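All remarks here apply to the structure that follows.
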Amino acid sequence: MDSFVTSPLFRWTWANDHIGVVSSKFVEVRAADHFSIKDMMAGRYVLGNKHVDTQGISPFAVEHASPKWSDELHRFSWLYHFAAARDEGEKRFAMTLALDWVARYGAFDPMVWGRETTAQRVINWIKHFDVLTYGANESQRDAIVQSLSRQIQSLEMRQNFELHPHIQALIQMALLGAAISLGRDTKDVHERISRLNQTLDAQLSDFGMHLSRSGAVHFNLLLNLVSLRQGLATFSPDGAKKFIAITRKMYAALGGLTLSNGDLAYFNMTGQIPHEDSLALAARSATKAVFGESRMLAGYGVLLGDESKLIADSGKRPPANMNDFMMAGAGSFEYSHRNDLIVGNCGPGDADLGGDAQLFSLPAAHSALELDYQGTPPISTKKLIDHFIAANGEGPMRLDSAENSLIFDNNGYEAITGVQHKRVLTVLPNHGDALVGQDILTCDLSHNNAPDQFLLRFHLGLGVEAQFNDAENMIELTLRSKSKWLFLFEGASAMIEDSARQNLRTGLAPIQQIVLYGTVQPNIDVAWSFVPEGQ
């Protein structure tokens, strides 16, 4: 149906509504950066975790760019920076880029008119319409307006064909913002507010977490919702009240999934979120999120120390129409102390890695258990990921509040390898927020796919340096803040290897990882701990 309504046979019916004054009711919560304008005018675009130098040509003429880079470019997510433009050249540059986009793609192009991309572009165009049309003459403004009108109409026609709930919500936000900003009928706006509230209600858990269990999806929805919050009470006081209640719940859930250093935890296709965006969103919170005790939250286990926070993934599987973001990270965790990330996960692989991107969904790309074979693994990567996610779909993790512990019964390996795995994670506030872990393995060596070796991986935070101590079973850690910690272990051998962590500017940044390993035996018990030096 979507192919039909976007085909040339049908597109001619899209109405080109007359758009007069655009009075945007979207509020930009992010702070514009003047240096980003300078970079873009010089042809340097940092988008989608990639830095591309266009060598002076239009970014829309760049070929073979990263899919994520191109998508962010066509969303116009960078447009808000031009609010910081200082001279005429800078102020007109955004309009020049918009006209170039309209000339190339303004009528329709399936590559850049995807429903999610179009919804985000409509939001950004309306939100920054004055910036977008600054210095435009009548014909230039008409070209931009005509394309905007077609994009809005395309979303109207296509919203019922969207199967991904979070994109449905984004489309409804775009259409609600357009209805308010373009002076649509009050009754129409009232109905759109009610529809968006219902859509969001159906997509959130009781704790306010998006049911996809992806922090990235949750963050992006909340960032757009907060920018739309102003002015809704004019059209629907009750609808506005419910809207604000929903955003407050989402703020609280986001706080639960945020580490002590202010970063969103890397689980289920979530990578680095711009720190300035996190700060901007936090500043718009109506009430400060209070997360004062360890708890389970929408399939995540959260342990609090005095100055630390541990977040672990139970592997709980979302509804079928929201599970596109799941990774085989059940039982993995991230742990931070003050402003330092001590141990975490690698994050998602870049789309331009092609088929290799799925390797970042494996348990090996998480601080979790990996099973290894001397020869060719008898289980394909895809089968392992799919089975691991399905087997842990019930979220086999529980909280022991008295001990401040999380207990995880890993079902991901038993059927396909004969290995049962139990992990216990405990944060000790009375001992400098030390993190103590235990991994217990019971292995059926007669199983056809019994592994040869086990590996417990601990991917360290950016800037954390690890080196072996002269003492046995001890690794010294120097954190980014120069604080000293120790990693203690028994029941396995240890090595320090290279790893990578998803990074906003470089895509993947080099880090270190500690790997505890050993030969598979019927019964294995490995104990380990991260302890502040001196404890």
The local net charge around GLY393, scoring Lys/Arg +1 and Asp/Glu -1 for residues other than GLY393 whose Cβ lies under 10 Å from its Cβ, equals +1
Rounded to a whole %, the carbon-and-sulfur portion of the accessible area of the chain at a 1.4 Å probe is 49 percent
Expressed to two decimals, the stretch 14-100 has a Cα Rg over Rh, using the Kirkwood radius, of 0.99
Points 7 angstrom from Cα along the Cβ direction at ASP130 and ALA31: gap in nanometres?
-> 2.1 nm
For the chain, with every protein chain kept in place, what is the accessible area per residue (1.4 Å probe, Å²)?
-> 42 Å²
Return the label of the correct value of semi-axes √(5λ) of the Cα gyration tensor in Å, as calculated from the structure shown, out of (i) 45, 24, 23; (ii) 74, 30, 14; (iii) 65, 35, 23.
-> (i)
Pairs from LYS25/LYS241; LYS50/LYS484; LYS68/LYS242; LYS68/LYS316; LYS309/LYS382; LYS187/LYS242 whose Cα-Cα separation, in the structure shown, is over 22 Å | LYS50/LYS484; LYS68/LYS242; LYS68/LYS316; LYS309/LYS382
Mean Cβ-within-10 Å packing, highest first, puts peptides 279-285, 164-170, 46-52, 187-193 in the order 164-170, 46-52, 187-193, 279-285
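Using unit Cβ charges (K, R positive; D, E negative) and no other charged atoms, how large, in debye to the nearest 20, is the dipole of the chain about its Cα centre?
Values: 46 positive and 60 negative charges, 406 e Å.
Here the chain has a charge dipole of around 1960 debye.
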Computed helical MRE - 222 nm, the chain, DSSP H runs ≥ 4 contributing -39500 (n - 2.57), nearest 500 | -10000 deg cm²/dmol
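Remind me, relative contact order of the chain in percent, using alpha carbon pairs under 8 angstrom and six or more residues apart?
Details: 1069 pairs, mean separation 60.9, N = 535.
With pairs under 8 Å counted, the relative contact order is 11 percent.
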Excluding ARG317 itself, what net charge comes from residues whose Cβ is under 15 Å from its Cβ, given Lys and Arg +1 and Asp and Glu -1?
-> -2
Please get the size of the charge dipole for the stretch 193-278, origin at its Cα centre, with Cβ charges of +1 on Lys and Arg and -1 on Asp and Glu, quoted in debye to the nearest 20.
-> 280 debye
Grab the eigenvalues of the alpha-carbon gyration tensor for the stretch 17-158, scale each by 5, take roots, and send me the semi-axes largest first in whole angstrom.
-> 22, 19, 14
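The values are calculated or read from the model by the stated rules, or taken from the named source; none is laboratory data. All values derive from a computational prediction rather than experimental measurement. Neighbour counts run over all protein chains shown; Cβ positions are idealised from the backbone, glycine included. Side chains are part of the model used for accessible areas, which takes the heavy atoms of the whole protein and leaves out ligands, DNA and RNA. Shrake-Rupley method; radii C 1.70, N 1.55, O 1.52, S 1.80 Å.
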